[in-house]
Amino acid sequence: MGWPWKPFLLLSVISGLSDLAGAAAARPMTYAAVLRMKSEGYSPLSSSRSRHHHGDGPPFFPQSLLEDLRSEETEEDFGPVFVEEPGDVTLALDQRKAVMRCDARAKPPPTYSWYVNGSQVDVESDEHYRHVDGNLVITNASQLSHFGRYQCRAQNSFGSVLSREGLLQLAYLAPFSLRPRGAVSVREGQGVVLMCSPPPHSPEIVYSWVFNEFPSFVAEDSRRFISQETGNLYISKVQPSDVGSYICLVKNTVTNTRVLSPPTPLTLKTDGVMGEYEPKIEVHFPASVLVARGVTVRLECFALGNPVPTITWRKVNGNIPKKARLRKSQAVLEMPNIQLDDSGTYECRAENPRGGTAYKGHLQVYTLPQWVRMINDTRLDSGEELVWECRATGRPRPTYRWLRNGLPLSSEGRLEVTDGELTIHKLQPLDSGMYQCVAENKHGAVYSSAELRILASAPVFVPDLVRLMATLGKDVSLDCRPRASPPPRVTWRRNDRRIQPSRRVLLLRNNTLRILNSSRADEGSYVCRAENQLGSAEMTTTLWVKEATRVELSPSRVEVTVGESVVLSCRATHDTSLDVTFQWFFNQRAISFQQHGGHLESIQTVRARQSSTVDLMIRSILLKHAGKYGCRAQTSAETVLAEAELLVRGPPGPPGVVIVEEIADTTATLSWTRGLDNHSPIITYHLQARSPFSLGWQTVHTDPEPVTGDMESAMAVQLNPWVEYEFRVVASNAIGTGDPSAPSRAVRTKEAVPSVAPANVSGGNGRRHELVISWEPISEEFQNGEGFGYIVAFRANGSRGWKEKMVTSADSTTYKYRDETFPPLTPFQVKVGVYNNKGDGPFSRAVIIHSAEGEPREPPTDVEAFGISSVEIRVTWRPPGPGPGRPGAYEVGFWKDGEEEEEEEGKQRTVKNETFVVLSGLQSDRLYRITVKALNSIGQGPASAAVTARTRKAPPDRAPANLAWIQEGNNVSLSWDPVKAKDNESHVIG
């Protein structure tokens, strides 16, 4: 049948929602309230649910959303708050425009006015000024009228505030006077000061001096100094090389313009040389130096004297800060980032062999005021008391003054002003406005601003009509939170009868009506009335009570293995008049299905009259899917949550940090903490190590073997001594092997005697009387300690005693032993051992190595040579007799007869031990002398006796002439004139 009062209910809801929309239009919702409405399914524009509604009753605001709407502060009008304030501006003469910036945030938007040197800027009558938003633009500024300190005033209906001051100054540099400067004449050895007398300028300038002509600048040293305070050039002791013309060059640091002074000639007097005299300090810092904290301070000190004085510095009753630096041959003490504890008396001293003098001055550091406590926006009811306090630090200590709407405040009537404290008794609406506390010392001022708002209003409800739904048998709270000042008196009524508190109906101190154990009988309209001396207002709350929603999530606890899948089913039983929506959570966070890579899927909801069901499919489960899953069912009356726990079995997690408890030469005792077993007991641990010599991580032997899952300590064994290792631990269970732990810190095993002998001991060859021994070097991995080297032991075959030689280089691969007494190819027994600082290690097995056989002893025999062409001679020979020094090749030397042998024309080697060679590239019809030597890897033997051979004459260089061709039948005859050889040509033989 439905509800007989359904048409009335719809009309009432529509009416209430339209009132709410009207209230929202009059006072905008906060962003947080809008977000909350969206999350609950409401559209803040229409004040109705954004999703389709299926129930028999109208949509309702849940109580939690109403609390947000009532308690959240909406964005209201407010007084000016500075976003940007004027800063210091320096304007060059060639710049036409300067901008003093000012911007304030306020609602309604502020208006701006400006003051220069305390007088209001008249934008209307002075064409040099114009406003651009809050900024003040100054065009073609006049030095007399427009430069000075500017202050911005921002004002709206709530009051006005003053900004900090900004200085507008002109940057300029006038030219020097063109009046010639007189010459300065001094004796050699005398000190002198050349005056710069800079022209008018602003702000800072930098001084340098030109000597004779530009760009030859005066170099500063222990004898010459340019003061950046006065600009003068000081020469402590004049030398003949100083004679010349001096020009002072001044540069403006802002405009980068430069000007040159007229020249000042410096000459030497001819009446003698100045004798030695004690120092006289001509340049020094003031007796009292006042600087701001954080700047760089430069103290100058320079003296005239003969000999040139030496400058030293000290701090009286303290030490010069370590950050200080001496510049310009110690004439300048520079201290960056000056702080309060750098204050004190500083002394510079000038000394030479004739005496000394000193100067002292006091450095005092000041700080601008800085806020420690500021004032904040405050709202109070009429008749209450305001106490504001502001505090600032500074040196000198700051003083305080108070402003209201930009005007000074003083103690009178209800106002008390005491330094940084302002008290106003019995507040009245006229006390509203913008207040500022100003802390200032002679170096600057800071402003703290706040708005004081005196509240005085009749009660107002937003919204004034509420539809509220509660759950049968549960407590429900009906709020009554009017905006009013002073606080109103509140009463509740139902059906035109005032509600009296009882054991089940409570009236709380915050005017909330709380109904315990709600029932159907509690349904109806409740009216809250608020009243103060300025007026009254009412808010109506319509309450409906619905059956409780129950949620069941099954299974409530499930265990699965990595890679498997599971389905969680969520069933909600609810009031037949209500719709239900579901949301899934994982570890109390809403699930975003797009972010889970297809592992999680929500199965479509199945709806019935009194229940609805939704499933969550979790596919190909990973370890990260273990945790608590929640299913939240929400109706317009309540929200109910059910949770299930999913346990995922998988390979173990990484063990905790690995600690090397003890290290020896071949062992390391390790400990670790257990990682997650991921619901499958850990069976074994594997210890892994990495060193500079290993290919990544390698599993090491352990004691005990194996390392069972209940252990958290074990010993790695069979390590190499004196090697740097990192260790990690890997856990395994029935499902698989997990990720390794983080590596331990790198540790080096202790040293030990070497245990590995060199391999591939061999040798031979070498020069005569040499025994050459070679081996493969031992890798650093097996050297086992510092001081590693080799012991080479050898003895002639058949003898008893071993000779031992130390080879100290760990990289050595050969050793040569020389002894003139043993003949070539003597057999030796050889072995090579190892040692380090811990002792001697093993030797290799002994091998037989022969000593070198030496170079050939005999020359080749039966050397013969004969010409085979005009450019070639063939040489043959027999090898020398058998014996030590077997040839490996031969070298044939040749030269023209009549020339010295040392001037051999050429040499030609054979391939291996061939016993002939053809010499080519020779001259025709020439007699050559030829020798042959035997060679091997050790050296070369003696040359054979020289033999001679002549190359043949050259062939004729003419072709036959008069070639004739005669055919007779089948025969052809060919004829020509013969060629007759010349004297230097060989005879024609065919």
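The values are calculated or read from the model by the stated rules, or taken from the named source; none is laboratory data. All values reported here derive from a predicted model rather than from experimental measurement. Positions of Cβ are generated from backbone atoms using ideal geometry, with glycine treated the same way; all protein chains shown enter the neighbour counts. In case anyone asks, the SASA skips ligands and DNA or RNA and just uses the protein heavy atoms, side chains included. Shrake-Rupley method; radii C 1.70, N 1.55, O 1.52, S 1.80 Å.
Structure above, values below:
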{"read-out": "13 Å cut-off, amide nitrogen to a point 7 angstrom out along N765 Cα→Cβ, residues in region 840-870", "value": "852-853"}
{"read-out": "Length gained when the stretch Q829-D271 is fully extended (0.36 nm per residue, less Cα-Cα span)", "value": "191.2 nm"}
{"read-out": "Translational D in µm²/s for region 162-236 (Stokes-Einstein at 25 °C, 0.890 mPa s, Kirkwood Rh from C-alpha pairs)", "value": "162"}
{"read-out": "Separation of the I683 and D862 label points, Cα + 7 Å toward Cβ, nm", "value": "8.4"}
{"read-out": "Where labels lie 7 Å past Cα in the beta-carbon direction, separation of A889 and V372 in nm", "value": "9.6"}
{"read-out": "Folded to 0 to 90 degrees: helix 6-26 orientation relative to the chain principal axis, Cα", "value": "70"}
{"read-out": "11 Å cut-off, amide nitrogen to a point 7 angstrom out along T253 Cα→Cβ, residues in region 296-330", "value": "296-298"}
{"read-out": "Relative contact order [Cα under 8 Å, 6+ residues apart], region 742-818, whole percent", "value": "30"}
{"read-out": "Cα-only radius of gyration and Dmax that characterise region 203-310, units Å", "value": "16.0, 53"}
{"read-out": "D (Stokes-Einstein, µm²/s), Kirkwood Cα radius, region 478-557, 1.306 mPa s at 10 °C", "value": "108"}
{"read-out": "FRET E, pair V193, R397, Förster distance 41 Å, beta-carbon r, rounded to 0.05", "value": "0.45"}
{"read-out": "Extension gain, D133 back to R497 (0.36 nm per residue minus Cα-Cα distance, nm)", "value": "125.1 nm"}
{"read-out": "DSSP beta bridge pairing in the chain, given as percent antiparallel to the nearest 5", "value": "90"}
{"read-out": "Whole-Hz ³J(HN,Hα) from phi, Karplus 6.51 cos²θ - 1.76 cosθ + 1.60, for region 393-407, glycine and proline x", "value": "9, x, 9, x, 4, x, 9, 10, 9, 10, 10, 10, 6, x, 10"}
{"read-out": "Placed amide H near E220: partners under 5 Å, 5+ positions off or other chain", "value": "none"}
{"read-out": "Whichever aspartates and glutamates have a C-alpha closer than 15 Å to that of K805, once near sequence neighbours (fewer than 8 apart) are set aside", "value": "E770, D819, D840"}
{"read-out": "Kirkwood Rh in Å, taken over region 561-638 so that all alpha-carbon pairs contribute", "value": "13.5"}
{"read-out": "Region 664-730: radius of gyration over Cα atoms, expressed as a fraction of 2.2 N^0.38 Å", "value": "1.15"}
{"read-out": "Calculated [θ] (222 nm, deg cm²/dmol) that DSSP helices of n ≥ 4 give over the chain, each run adding -39,500 (n - 2.57)", "value": "-1000 deg cm²/dmol"}
{"read-out": "J(HN,Hα) series, region 603-614, from Karplus relation 6.51 cos²θ - 1.76 cosθ + 1.60, nearest Hz, glycine and proline x", "value": "7, 3, 5, 9, 10, 10, 5, 10, 8, 9, 9, 9"}
{"read-out": "Residues whose placed amide H lies under 5 Å from that of E384, excluding near-sequence neighbours", "value": "L427"}
{"read-out": "P(r) tail fraction, region 390-482 - alpha-carbon pairs more than 21 Å apart, %", "value": "54"}
{"read-out": "Mean Cβ count within 10 Å, highest first, over the residues of peptides 103-111, 176-184", "value": "103-111, 176-184"}
{"read-out": "R748/E804 FRET efficiency (R0 45 Å; Cβ-Cβ; nearest 0.05)", "value": "0.90"}
{"read-out": "Residues in region 294-313 that a label on D221 would reach, taking backbone N under 20 Å of a point 7 Å out along Cα→Cβ", "value": "301-312"}
{"read-out": "Considering only region 552-678, percent of DSSP beta bridges that pair antiparallel, nearest 5", "value": "90"}
{"read-out": "Translational D in µm²/s for region 82-181 (Stokes-Einstein at 37 °C, 0.692 mPa s, Kirkwood Rh from C-alpha pairs)", "value": "224"}
{"read-out": "Alpha carbon centroid spacing (whole Å) that separates region 157-199 from region 401-449", "value": "41"}
{"read-out": "Under the Debye formula (equal points on every Cα, no solvent term), log10 I(q)/I(0) of region 767-924 at q = 0.09, 0.14, 0.17, 0.19 Å⁻¹", "value": "-0.53, -0.80, -0.98, -1.12"}
{"read-out": "Accessible area of M274 in the full protein assembly, 1.4 Å probe (Å², nearest 10)", "value": "60"}
{"read-out": "Debye log10 I(q)/I(0) for the chain, one point scatterer per Cα, at q = 0.05 Å⁻¹", "value": "-0.86"}
{"read-out": "Environment charge of S937, counting only residues whose C-beta is closer than 12 Å and scoring Lys/Arg +1, Asp/Glu -1", "value": "0"}
{"read-out": "Computed lengthening from Q923 to R327, 0.36 nm per intervening residue step minus Cα-Cα distance", "value": "206.4 nm"}
{"read-out": "Using a Förster distance of 60 Å, the FRET efficiency for D703-D819 (Cβ separation, nearest 0.05)", "value": "0.70"}
{"read-out": "Relative contact order [Cα under 8 Å, 6+ residues apart], the chain, whole percent", "value": "5"}
{"read-out": "Interchain or long-range residues, amide H under 5 Å from L363's placed H", "value": "V289, G344, T345, Y346"}
{"read-out": "Heavy-atom accessible area per residue - region 783-877, 1.4 Å, Å²", "value": "51"}
{"read-out": "Length-normalised contact order of region 850-958 in % [C-alpha pairs under 8 Å, at least 6 apart]", "value": "36"}
{"read-out": "Carbon/sulfur fraction of accessible area - region 540-589, other protein chains in place, 1.4 Å, %", "value": "42"}
{"read-out": "Sulfur and carbon atoms: percent of accessible area, region 853-990 [1.4 Å]", "value": "48"}
{"read-out": "Orientation-averaged projected area, Cα convex hull of region 853-977 (nm²)", "value": "11.6"}
